[in-house]
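To keep things clear, I will list the structure first and then write my remarks on it.
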Amino acid sequence: MNTAYIAHIVSDAVKGPRGDRILSPLLTRDPSNLMLLCDAHHRLIDDRTSWKDYSVELLREMKAEHEDRIEAVTSISRDRGCHVIRFAAGIGKNESPVNTEAVKQALLPEFYPVRDGMIDLDVPDAGIPDSDPDYWGWHQRSLRTKYQERVRGRLERNEISRLAVFGLAPMPLLIELGRLISDISEAHVRQLLREPKTWEWQPEDARMELVRDDPEAGGRTVALKLAVSAQIEDDRIKSVLGDDVSIWSLSAKNANNDIIRTSADLSLWRSQVRAVLEAIKDRHGGEPMIHVFPAIPVSASVELGRVWMPKAHLPMRVYDHNRALGGFRQTLDIVHQA
């Protein structure tokens with residue numbers, strides 16, 4: 001049953017709501033003067049006790065806003081659809097903090113989530129604190145299992161052509177997620193900003209500046225310091241690995257949690273972290289692994305895992321700062337998985 005009605009902004013009757021002696025007869029059939037409303041709202045804007053609350057200017061503004069929104073949605077090409085990975089760790093039985101509306105708001109109008117395209121990889125709280133050595137292994141296994149069941153096979157069968165990635169989890173797990181996705185798949189990784197609170201890229205120029213520092217002397221152990229969201233002192237790394245260590249560094253000027261604000265910022269990070277991984281391989285190709293100490297935003301964590309190539313780069317052992325344990329602690333290894 002059709003319950004929609006064509007309503008007039010300027011009444012078609014001179015003495016009707018918002019009527020005008022000159023405009024009413026002129027705009028009776030003009031599409032710019034018509035709105036499609038349900039019965040209740042049609043009555044509301046024309047009712048003799050309430051119509052004055054809905055001026056010509058207000059209704060025209062409402063009509064324009066709605067038309068702009070519909071135009072943006074319907075103008076998206078069908079080949080811009082994507083599947084969405086939502087990943088959060090330790091959120092209990094609650095719905096993912098990456099809700100559907102936030103995803104749509106961030107993707108439109110460049111992309112849109114396809115029907116039944118939400119893929120949840122959330123890891124429930126197992127009651128294990130991150131200071132427990134079992135925490136990281138349990139979460140890593142759970143993430144791998146869910147990815148294998150819900151994503152990998154569909155990618156191999158070409159059921160998924162494009163991914164959008166929204167992750168809120170500890171850095172080591174996000175790096176592992178990036179490794180699973182890899183750089184082979186088309187994936188668009190998003191960053192949750194604090195100011196403003198949004199997953200949308202900001203309409204501003206890229207402003208992140210990265211500084212790379214290669215060690216002069218060669219220590220027995222190789223470390224990579226990634227100080228983008230916060231600074232990391234070398235002494236904190238040496239307290240874990242000892243003094244005989246070569247510390248490579250990729251740091252951001254004015255490091256802070258909101259430093260990656262545009263897609264260009266994230267692209268810069270991808271290119272620079274790939275370059276430093278390749279440089280380490282060129283100099284330390286005989287070493288068993290890189291010890292990675294990250295202080296990086298969530299999107300940078302995923303992209304670190306994606307740009308790491310199992311046949312081109314050294315394996316990574318990832319550390320995480322743990323307040324309960326008073327410093328950096330080993331979490332998980334990023335290695336090739338058959």
For residues that are in a loop (DSSP other than H, G, I, E, B), free of Cβ contacts under 8 Å to residues at least 60 places away in the same chain and in contact with a strand residue (DSSP E or B) (Cβ under 7 Å, 6 or more places away or on another chain), scanning just segment 114-146, find the one that is farthest from L180 (Cα to Cα). D122
Checking the conditions here, which among S301, S239, S246 is assigned by TED's automatic domain parsing to the domain that holds G218 and closer than 30 Å to E195 by Cβ? S301
What are the residue pairs meeting all of these: first residue in segment 260-282, first residue over 23 Å from W199 (Cα atoms) and at pLDDT 95 or above, second residue part of a helix (DSSP H, G or I) and not basic (K, R), Cβ atoms under 6 Å, and 6 or more apart or on different chains? R274/V307
Suppose we keep only residues that are part of a loop (DSSP other than H, G, I, E, B) and in contact with a Lys or Arg (Cβ under 7 Å, 6 or more places away or on another chain) within segment 173-200. Which one would you say is surrounded by the fewest Cβ atoms within 10 Å (Cβ to Cβ)? E186
Taking only pairs six or more apart or across chains, which ones have beta-carbon atoms under 6 Å, a first residue in segment 30-47 that is free of Cβ contacts under 8 Å to residues at least 12 places away in the same chain, and a second residue that is hydroxyl-bearing (S, T, Y)? L44/S50
Any chance you could count how many residues in segment 211-233 are surrounded by 15 or more Cβ atoms within 10 Å (Cβ to Cβ) and not in a loop (DSSP other than H, G, I, E, B)? 7
Filter segment 241-286 for residues that are polar (S, T, N, Q) and either under 29 Å from the mean Cα position of the chain (by Cα) or part of a loop (DSSP other than H, G, I, E, B) (or both) and give the result. S249, S251, N254, N256, N257, T262, S263, S267, S271, Q272
Out of segment 127-143, which residues are under 30 Å from K104 (Cα atoms) and surrounded by fewer than 17 Cβ atoms within 10 Å (Cβ to Cβ)? R141
Residue within segment 78-87 that is at pLDDT 85 or above and among the β-branched types (V, I, T) present: yes
Here are some residues: L332, L304, L268. Which one is surrounded by fewer than 19 Cβ atoms within 10 Å (Cβ to Cβ) and touching a strand residue (DSSP E or B) at 6+ places or on another chain (Cβ under 9 Å)? L268
For segment 1-113, which strands (runs of 3 or more DSSP E) that fit wholly inside it have 3 or more residues that are more than 30 Å from E186 (Cβ to Cβ)? 4-8, 34-38
Any chance segment 303-321 includes a residue that's touching a His at 6+ places or on another chain (Cβ under 7 Å), free of Cβ contacts under 8 Å to residues at least 60 places away in the same chain and not in a loop (DSSP other than H, G, I, E, B)? yes
Within segment 132-143, can one find any residue that is modelled with pLDDT of 90 or more, closer than 28 Å to S271 by Cβ and over 16 Å from the mean Cα position of the chain (by Cα)? yes
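The values are calculated or read from the model by the stated rules, or taken from the named source; none is laboratory data. Small disclaimer: the values here were computed from a predicted structure and weren't measured. As a convention, Cβ positions derive from the backbone with ideal geometry for all residues, glycine included, and neighbour counts pool all protein chains shown.
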